[in-house]
Amino acid sequence: MNCNKNKPIAFASWSGGKDCALALYKARLAGINVKYILNMADSGGVYSRSHHLRADVLRRQAACMGAVLVQPKAGWDDYEQKFTETLVKLRRRHTAVGIFGDIDLQVHRDWVEKVCRRAGVRPVLPLWLKPRRRLMNELIKAGFKAIVVALRADLLGPQWLGRQIDSSFVRDLAKLGTIDLCGEGGEYHSLVYDGPIFKQPLRFKVGKRHKRGNHRFLDIV
């Protein structure tokens, strides 16, 4: 018998990083059938719009998870339009729920609720208002493996780029006293490459480091 048959179909808004991965995991534990992951690519379709990861890496990541990747292209000027149009298409596939990894930025939640309302989708935010340290501990305890792939150069030095997100990472970040442990303010971004939502680990290579504006990025290939 298919245990997911009577569960609502959902998509997860997906950056490739730890928060969306933990949100997806918690949603599945709550009985939600997350079938699709939605990642917005740049207008050229080469990089993800959020974490500047190669679109191909996201495709391989989805394959390792056994998930269906939906990856429309968008610029910043038409991002909301393209995102909403994609939700409408997913709704036509009987997708009634959207999973989001936001923690406590109200402006983000307001936007999520607005676009979901337009598409007739119910937003679920499993991490909302949860303590940062608890979320990081849950992520690590559940067995997720992730590395830092982007950071704000004015807040974190280049030595943080490529670091494994583990207990020592959380401890060292907490010592700074000025950085959100989850990076909710964009202090850093991550790539999850293994964990309980994966059927097999994502194989990847670490490429060159580069800087663009006030951010440093680690090229993942």
(request) Looking at region 9-124, send over the antiparallel percent of its DSSP beta bridges, to the nearest 5. (result) 10 percent
(request) For region 157-162, take each phi angle, set θ = phi - 60°, evaluate the Karplus expression 6.51 cos²θ - 1.76 cosθ + 1.60, and give the result in whole Hz per residue in order, putting x for glycine and proline. (result) x, x, 5, 7, 5, x
(request) Would you compute, from DSSP H runs of 4+ residues alone, the mean residue ellipticity of the chain at 222 nm, taking -39500 (n - 2.57) per run and dividing by the full residue count, rounded to the nearest 500? (result) -10000 deg cm²/dmol
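If each residue of separation counts as 0.36 nm, what is the full-extension length gain between ASP56 and HIS210 once their alpha-carbon separation is subtracted?
Between ASP56 and HIS210, full extension yields 53.6 nm more.
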(request) Just give me a number: lysine pairs in region 133-220, eight or more positions apart or cross-chain, with C-alpha atoms less than 26 Å apart. (result) 9
(request) Give the label of the value calculated from the structure for mean projected area of the Cα convex hull in nm², choosing from [x] 11.9; [y] 11.3; [z] 13.5. (result) [x]
(message) If I build a Gaussian network model for the chain, linking alpha-carbon pairs within less than 10 angstrom, which residue out of ARG118, ARG59, ARG132 has the largest mean-square fluctuation?
(response) ARG118
(request) About the Cα centre of the chain, how large is the charge dipole given +1 on each Lys and Arg Cβ and -1 on each Asp and Glu Cβ? Please answer in debye to the nearest 20. (result) 700 debye
(request) Give the Rg/Rh ratio for region 1-79, taking Rg as the radius of gyration of the Cα atoms and Rh as the Kirkwood radius, to two decimals. (result) 1.02
(message) Between LYS175 and GLU80, what is 0.36 nm times their sequence separation minus the Cα-Cα distance? Round to one decimal in nm.
(response) 30.5 nm
(message) Suppose the chain between VAL68 and LEU129 were pulled fully straight at 0.36 nm per residue; how much longer would it get relative to their current alpha carbon spacing?
(response) 19.1 nm
(message) Of VAL206, CYS182, TYR193, which is farthest towards the positive pole of region 133-220's charge dipole, taken about the Cα centre with +1 and -1 on the beta-carbons of Lys, Arg and Asp, Glu respectively?
(response) VAL206
(request) Would you work out which of LEU22, HIS108, MET136 lies farthest towards the positive end of the dipole of the chain? Charges go on Cβ: Lys and Arg +1, Asp and Glu -1. (result) LEU22
(message) Is there a quick way to get the dipole size of region 136-221? I mean about its Cα centre, with the Cβ of Lys and Arg at +1 and of Asp and Glu at -1; what is the value in debye to the nearest 20?
(response) 420 debye
(request) List the residues whose amide H sits under 5 Å from the amide H of SER15, counting only those 5 or more places along or on another chain, with H placed 1.01 Å from N in the peptide plane. (result) CYS20
(message) Among LEU151, LEU29, LEU58, which one shows the highest mean-square fluctuation when the chain is modelled as a Gaussian network with alpha-carbon springs under 10 Å?
(response) LEU29
(request) Could you list which residues have their amide H under 5 Å from that of ILE37, counting only those 5 or more apart in sequence or on another chain, with H placed in the peptide plane? (result) ALA12, VAL68, LEU69, VAL70
(message) Treating only the Cβ of Lys, Arg, Asp and Glu as charged (+1, +1, -1, -1), what charge dipole size does region 9-124 show about its Cα centre? Round to the nearest 20 debye.
(response) 520 debye
(message) Between GLU113 and SER43, what's the calculated FRET efficiency when r is the beta-carbon distance and R0 is 35 Å? Round to 0.05.
(response) 0.85
(request) Out of all DSSP beta bridges with both ends in the chain, state the antiparallel percent to the nearest 5. (result) 50 percent
(message) For a quick check, take a GNM of the chain with Cα springs below 10 Å and name the residue from VAL148, VAL121, VAL206 with the largest mean-square fluctuation.
(response) VAL206
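Bear in mind that the values in this text are calculations on the coordinates, not laboratory data. What you see is a predicted model, and the numbers here were worked out from it, not measured in a lab. We place every Cβ from the backbone using ideal geometry, glycine too, and count neighbours over all the protein chains shown.
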